[in-house]
Amino acid sequence: MPRFRRWLRWLLALSVALALVGAIAAGALYYVVSSKLPDVHALREVELQEPMYVHARDGRLMAVFGETRRYPVQIKDVPLRLKQAFLATEDANFYEHGGVDYKGVARAIWLIAKTGSKDGVPGGSTITQQVARQFFLSNEVSYTRKLAEMLLARKIESELSKDEIFELYLNKSFFGNRAYGIGAAAEYYYGKKLAELELDEMASLAGIPKFPSSGNPISNPERARQRRDNYVLQRMAELGFVSQAEADDAKAVPMHAAPHEPPVEVHAPYVAEMVRQEMIARYGGDVLNKGYHVTTTIDGQMQDAATAAVHAGLIQYDHRHGWHGAEQHFDVDAGDDAAALARRIAGIPAQSGLLPAIVAAANADGSLAVVLADRTELVLAAASSRWTSRAPAKLAVRGDLIRVRAGDKEGEWLIDQIPRGQAALVSLDADSGALRALVGGFSFAGNKFNRATQARRQPGSSFKPFLYAAAFDKGFNPASIVLDAPVVFRDRRGKTWQPQNDGGGFRGPMRLREALVQSRNLVSVRLLDSIGVDFARKYISEFGFEEAELPPNLSMSLGTASLTPLSVARGYATFANGGSRVDTWVIDEVRDRDGIVLFKENPALACRGCGGVAPGAAPASQVVDGFNFGSAARPVAPKEVAGTEAEAPVATPVNPDARTAPRAIDERTAYQLVSMMRDVVQRGTGAAARVLGREDVGGKTGSTNDHRDAWFSGFGGPLATTVWVGRDDFRSLGYREYGGRAALPIWIDYMRVALKDAPVARNDPPSGMVEASVNGATEWIKVEDLDRLQEFDFDQNEQADDAAFDIF
């Protein structure tokens, strides 16, 4: 008995010692873990990753950028049934415990010990613990991490309300397919706002976070259905959140989740990419995850019209040159069914409504049997390829990849092809430089290269108005006579250059207005030779071009500079706005996720009547009818000049906070060029634009050697718009594909919509001009130019018709 008592005392002492050691160890572990816990105060100011939204000027969505889909919601906007679905699934006692549900932990441990498996066992982590893990911890499985999670949960409960914790959980949880938060999950899987969800959809969403990648309703609908029915809905019924009948009705609903991207309301992918790059340059790479809302200058209706015009114009151009064969050929087995054929083209994107289709068979009746990427089987009848003048079965064989598009009639499908040509369209508000529409190519999905801003192409004759403006600064005027006749230029090495008019032929002496209307090359060459290449380059750079990109020789007169469509449109805006150089811009406003304005553009605006002569412009030289006579003549007061002087227009009123754009050219020069380019439309190479029925429409066509580039640049109403058409490989567009044929129809189709209801722009002569008869024509002339004409009696017949000039 004494031995037993001694043994018992020894055992008791050992137990106490072990308990003490355990307590010390537990205390040490608690101290070590708790001392390293983060400050949960940060949860009150946490910034969840949210994509960047890009909008048109009217607020319609253009694009969403970001690594994650997330639309943070407030707990007050979450329907009760949806909250109950998550409580039933994750933490039924959430509103009762203090952050750690000890009964739940014990129950989970007991069930795991009893069954030997974690499957189907309610988790021991509360919603608060999950928030602690999501924001501060990893998913490592260890006792230390679990203890830290529990301690953090207690701290979070002491700092935040239950609703605040629940809101963080709903916005942070991952729901698969890059969707974070319940708002993004509802949008992506069902295309709905939270208030629009049905009970079965709520239960499906509540079941996702446990298996977000492998058990969501899209990747594994059967597994998602079982979790919805057997666990979420049944638990909701057991807890009294819904009746058993309601749960059973929801279980009977088939799984119907499908991918839903945010609805893009204005299709402008080239503009959206421009905005994305500019926002990264301004705010850094993480700007795409801060929930910023960017409002652009893009007009949604104009952008839609621009996209439609480019697509239609390129397809019409391509159809003129016939069928150019299947896009690609696949070697397919004779036994391949529709599913096997569809897999061949699964990764090939649609381009501007042209869907990829693989030919299954060429039928004896001339039709084609094709399969789309979604396994849809179509039979393309003879009418589907009428534009090719060939039956469908003559165009392709089994295994060929072709393109089809929906026709105008319901159920109609047509054979088409991706155009070999490309195009760019840029439309600006001429007074502010704000982009209203921009298209950088036929299809952003097919090629992300933005031809509006990145392609440098020769503008051809559409460059001539800039040269004429330089000549007018030297004393020429629309009535000046210059010879349209052969001319040869010789360089110092003896090599000669003999420019030609397009189509050949010569028309002798002609007024500059007619030379521009008829786009006479030889007149432009003589004009540049008269005013000097160096002066012209410096002057034309005032339109916003870099002087270095303008050729330092007479070929510049024929438009051999390599310019972007955007820069050309900006140059034409200078004519349309009365001579001011405006900067182009597209981002109007940036707001953060709370709606606070971070940036608001304040553009420099054109101002008519704010000064006629460009700062630093060269003094006018003594020039009469195309030849330079030396120093400038004495300025003449209006009363000394025969003719009618224009009344000074009232300066355009501006916002007192607005900035005024710098003057690029004399306002009177801008008036003269606008008048002349209106004539180009009324009776010249741009005559097709008369269909618009507006007197304020003007512009200039442009074409280059071998028809590699086709242009039309012009203006109407408040807009300056440029269209370019060409091929990326610099090959010819084809026979007679001039600017008036390839580019102008696109310009017209766009401007028909863009100018609808826009008031007609006036073109009143500014002060300092007189209306006079010069060389048999009545023109508005600058006062000092008319004075020079009166001082010199010049006989146009004295001009040499076979002179040879040196280039250098």
*Do we find that I402 is assigned to a strand (DSSP E or B) and either under 18 Å from G322 (Cβ atoms) or touching a Lys or Arg at 6+ places or on another chain (Cβ under 9 Å) (or both) in this structure?*
yes
*asked:* Can you tell me which of (1) surrounded by fewer than 24 Cβ atoms within 10 Å (Cβ to Cβ); (2) out of contact with any helix residue (DSSP H, G or I) (no Cβ under 9 Å at 6 or more places or on another chain); (3) in the same structural domain as A309 (by TED's automatic domain parsing) is the one D374 doesn't meet?
replied: (2)
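Residues are listed down the side, and each one gets a yes or a no for (1) more than 19 Å from I315 (Cα to Cα); (2) at pLDDT 95 or above; (3) not in a loop (DSSP other than H, G, I, E, B):
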{"position": "A334", "(1), (2), (3)": "yes, no, no"}
{"position": "G347", "(1), (2), (3)": "yes, no, no"}
{"position": "L355", "(1), (2), (3)": "no, yes, yes"}
{"position": "I358", "(1), (2), (3)": "yes, yes, yes"}
{"position": "R398", "(1), (2), (3)": "yes, yes, no"}
{"position": "E410", "(1), (2), (3)": "yes, no, no"}
*Which residue pairs have Cβ atoms closer than 8 Å, lie 6 or more positions apart in sequence or on different chains, and pair a first residue in the stretch 330-346 that is under 12 Å from A361 (Cα atoms) with a second residue that is of a type in the set (D, E, K, R) and outside any helix (DSSP H, G or I)?*
V332/R398; A338/R375; A338/E377
*Is one or more of the residues making up the stretch 419-434 modelled with pLDDT of 95 or more, surrounded by fewer than 21 Cβ atoms within 10 Å (Cβ to Cβ) and under 27 Å from the mean Cα position of the chain (by Cα)?*
yes
*If you go through the stretch 246-260 one residue at a time, do you hit one that is in a loop (DSSP other than H, G, I, E, B) and in contact with a strand residue (DSSP E or B) (Cβ under 9 Å, 6 or more places away or on another chain)?*
no
*Of the residues in the stretch 687-709, how many are crowded, with 16+ Cβ neighbours inside 10 Å, part of a loop (DSSP other than H, G, I, E, B) and touching a residue at least 60 places away in the same chain (Cβ under 8 Å)?*
4
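Every residue, every condition in (1) in a strand (DSSP E or B); (2) within 19 Å of Q316 (Cβ to Cβ); (3) hydroxyl-bearing (S, T, Y); (4) modelled with pLDDT of 95 or more, yes or no:
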| position | (1), (2), (3), (4) |
| --- | --- |
| P649 | no, no, no, no |
| V654 | no, no, no, no |
| Y671 | no, no, yes, yes |
| V674 | no, no, no, yes |
| V681 | no, no, no, yes |
| W711 | yes, yes, no, yes |
| L733 | no, yes, no, yes |
*Report, by residue number, each residue of the stretch 415-442 that is more than 27 Å from D729 (Cβ to Cβ) and either assigned to a strand (DSSP E or B) or of a type outside the set (S, T, Y) (or both).*
L428, D429, A430, D431, G433, A434, L435, R436
*Determine if the stretch 79-91 includes at least one residue that is surrounded by fewer than 22 Cβ atoms within 10 Å (Cβ to Cβ), in a loop (DSSP other than H, G, I, E, B) and of a type in the set (D, E).*
no
*in contact with a Pro (Cβ under 8 Å, 6 or more places away or on another chain), among the hydroxyl-bearing types (S, T, Y), at pLDDT 95 or above and surrounded by fewer than 24 Cβ atoms within 10 Å (Cβ to Cβ), is that true of T564?*
no
_Can you list residue pairs whose Cβ atoms sit under 8 Å apart, with the first residue in the stretch 292-320 being in the same structural domain as M274 (by TED's automatic domain parsing) and the second being surrounded by fewer than 21 Cβ atoms within 10 Å (Cβ to Cβ) and of a type in the set (F, W, Y)? Count only pairs 6 or more apart in sequence or on different chains._
Y292/Y53; Y292/Y283; H293/Y53; V294/Y53; T297/W585; H319/W387
*asked:* Can you go through A206, A247 and tell me which one is at pLDDT 90 or above and touching a Leu at 6+ places or on another chain (Cβ under 6 Å)?
replied: A247
*If G366 satisfies every condition in (1) surrounded by 14 or more Cβ atoms within 10 Å (Cβ to Cβ); (2) assigned to a helix (DSSP H, G or I) but one, which is the exception?*
(2)
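The values are calculated or read from the model by the stated rules, or taken from the named source; none is laboratory data. Just so we're clear, the structure is a prediction, and the values are computed from it rather than from any experiment. Reconstructed Cβ throughout: ideal geometry from the backbone, glycine too, with neighbour counts over all protein chains shown.
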